[in-house]
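Remarks on the structure that follows.
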Amino acid sequence: GDITIPAGGGAAAITAGAIVDADINSAAQINATKIGTAGITNTEFGYLDGVTGNIQTQLNNRPQQTTADLTYYVRTDGNDANNGLANTAAGAFKTIAKAISMIPQNVNHAVTVNVAAGTYAETVSLKGFSGGGTIALNASGTVNITRLIAQNNTIQITITGITATTTTETAFELDTNTWVWLQNCNATASASTQYGVMVYGGAAVISGGMYSNKTTSIWARSTANVFVVGVGGSGSGYGYIATEGAKIGGSAGGMSATVSISSSQTGGIVALGDGVVNPWGDNTRNNRSVASATPSATQSVPTTTWTKLAAPFGVEGLDFLGEYDPSLARFTARAAGVYSIIANVNISNPNIGVDAQLRFAKNGSLDQCIGRGKQSSAGDLTVCGSMVTELEAGQNIEFYLYHNQGSNVTISNDGNYTFFRIVRVA
């Protein structure tokens with residue numbers, strides 16, 4: 001009971017068992033260090049706030065592995081307090097990280113995370129998942145995240161339709177995974193010192209998508225095995241690089257970069273397309289320097305003067321790297337190398353005895369003669385030839401004709417007899 005000590009002195013003893021339930025003022029606080037051992041802190045004691053049942057039972061009931069297929073939904077109007085099981089604002093999670101945190105580390109079934117269109121300002125991290133199942137992260141519409149990391153996963157991970165927007169880090173970092181598939185993902189934000197995809201060890205498949213404006217679009221490292229197909233992109237310093245015993249194979253797709261494929265890096269192999277690495281690295285058709293043109297109209301060429309041929313080469317044919325401008329009838333080399341030039345010009349019914357010459361110019365200065373012909377009988381005169389020449393990056397080639405008829409001659413607009421081809425051969 002209550003103990004009262006009269007004013008002025010005296011002492012009172014509390015007998016054992018007198019205080020059964022402590023009656024403490026509501027404003028008073030209990031120092032958590034006085035409960036149990038002195039090692040517990042107030043902060044740690046506060047973790048119990050909100051517990052609604054037996055703690056051990058809740059821990060025991062937390063799944064350590066999947067027991068059935070799982071599908072979670074993520075929406076920008078969702079809430080991480082939801083259960084994530086319905087594609088509604090009241091059912092879906094708000095963050096991708098929350099959905100991934102709900103996946104047990106041991107996955108023996110198909111786990112799918114469906115992400116609705118929108119921007120999710122987060123780094124998505126998939127780490128340490130194992131078992132016999134799969135994880136799929138699927139975008140529905142345009143889904144933007146900051147970046148994605150997949151690390152030390154021994155199950156198949158598939159990432160579909162995700163765009164990583166970071167400009168300060170690697171967009172997709174795949175580190176020592178058994179098998180990760182990036183399908184139609186994108187990393188196009190300008191980041192000249194960063195990478196689109198870096199695969200460090202393990203295996204990865206990269207199909208479709210765009211990887212642009214990076215120091216390297218796709219980099220395989222440390223014995224990684226990477227297969228690419230249908231990938232596009234532009235504006236990077238390197239398209240594909242393999243180092244430290246890594247390999248990249250498959251098809252280069254539409255990747256365009258300052259150096260589309262680098263085979264000069266130490267200890268790596270890039271073998272795209274036919275599996276043969278050419279000395280200049282462009283070992284696939286769509287990444288080779290090739291251009292051709294045929295006539296858009298006839299052209300009248302005056303006598304005894306070197307005249308540039310424009311209309312005879314006004315219709316562009318092949319041009320994989322955008323090196324030919326038909327409006328200027330000008331080919332501009334994108335990279336230094338050795339180029340093979342083949343040209344054919346048909347002159348309509350010149351006079352017998354007319355001598356005609358076909359020549360090319362580099363940067364406007366006449367260079368070597370490709371072909372020469374002399375009319376010996378009635379009919380058309382074909383002047384043709386081929387040449388191998390060296391070009392530096394940025395040098396251009398145009399074609400010129402000279403004849404001595406004494407009057408104008410007409411270049412035919414028949415593309416079977418008037419055309420050119422330029423191919424980089426080394």
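The values are calculated or read from the model by the stated rules, or taken from the named source; none is laboratory data. In this text, all values refer to a predicted model and were calculated from it rather than measured experimentally. For neighbour counting, all protein chains shown are included, and Cβ atoms are generated from backbone atoms with ideal geometry for every residue, glycine included. Side chains are part of the model used for accessible areas, which takes the heavy atoms of the whole protein and leaves out ligands, DNA and RNA. Shrake-Rupley method; radii C 1.70, N 1.55, O 1.52, S 1.80 Å.
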### Query
For segment 217-233, what are the residues that are surrounded by fewer than 24 Cβ atoms within 10 Å (Cβ to Cβ), over 9 Å from the mean Cα position of the chain (by Cα) and in a strand (DSSP E or B)?
R221, N225, F227, V229
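Yes/no per residue for (1) touching a strand residue (DSSP E or B) at 6+ places or on another chain (Cβ under 6 Å); (2) of a type in the set (K, R); (3) assigned to a strand (DSSP E or B):
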residue	(1), (2), (3)
V115	yes, no, yes
G132	no, no, no
I145	yes, no, yes
I149	yes, no, yes
T154	yes, no, no
### Query
Within segment 311-322, can one find any residue that is in a strand (DSSP E or B) and more than 46 Å from the chain's Cα centre (by Cα)?
no
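Right, S236: in a strand (DSSP E or B) and modelled with pLDDT of 90 or more or not? Spell out how you get there, then give the answer.
Values: in a strand (DSSP E or B): yes; modelled with pLDDT of 90 or more: yes.
Judged against the criteria, S236 is a match.
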### Task
Considering each of A361, A356 in turn, give the residue that is in contact with a His (Cβ under 8 Å, 6 or more places away or on another chain) and in a strand (DSSP E or B).
A356
### Query
Looking at segment 396-420, which of the residues that are polar (S, T, N, Q) and surrounded by 17 or more Cβ atoms within 10 Å (Cβ to Cβ) is farthest from the chain's Cα centre (by Cα)?
Q405
### Query
Which residues, counting only those in segment 126-154, are more than 20 Å from the chain's Cα centre (by Cα) and either crowded, with 20+ Cβ neighbours inside 10 Å or of a type in the set (D, E) (or both)?
F129, G133, I135, N153
### Summary
Taking segment 247-302 and keeping only residues that are in a loop (DSSP other than H, G, I, E, B) and modelled with pLDDT of 90 or more, one is left with P295, S296, A297, T298, P302
### Query
Does A311 satisfy being modelled with pLDDT under 95 and open to solvent by 20 Å² or more (accessible area, probe 1.4 Å)?
no
### Query
Looking at segment 94-104, is at least one residue buried (at least 16 other Cβ atoms within 10 Å of the Cβ), small (G, A, S) and assigned to a strand (DSSP E or B)?
no
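Among the candidates A361, A378, A426, A393, single out the residue that is open to solvent by 70 Å² or more (accessible area, probe 1.4 Å), touching a residue at least 12 places away in the same chain (Cβ under 8 Å) and of a type in the set (G, A, S).
None of the others qualify; the one that does is A378.
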### Message
When the residues of segment 314-357 are narrowed to those that are open to solvent by 20 Å² or more (accessible area, probe 1.4 Å) and among the charged types (D, E, K, R), which ends up nearest to S260 (Cα to Cα)?
### Response
R334
### Query
Consider Y211 against the criteria (1) of a type outside the set (G, A, S); (2) modelled with pLDDT of 95 or more; (3) open to solvent by 10 Å² or more (accessible area, probe 1.4 Å): it satisfies all of them except one. Which criterion is unmet?
(3)
### Task
Being outside any loop (DSSP other than H, G, I, E, B) and modelled with pLDDT under 95 is the filter; apply it to segment 325-340 and report the residue that is farthest from L391 (Cα to Cα).
S340
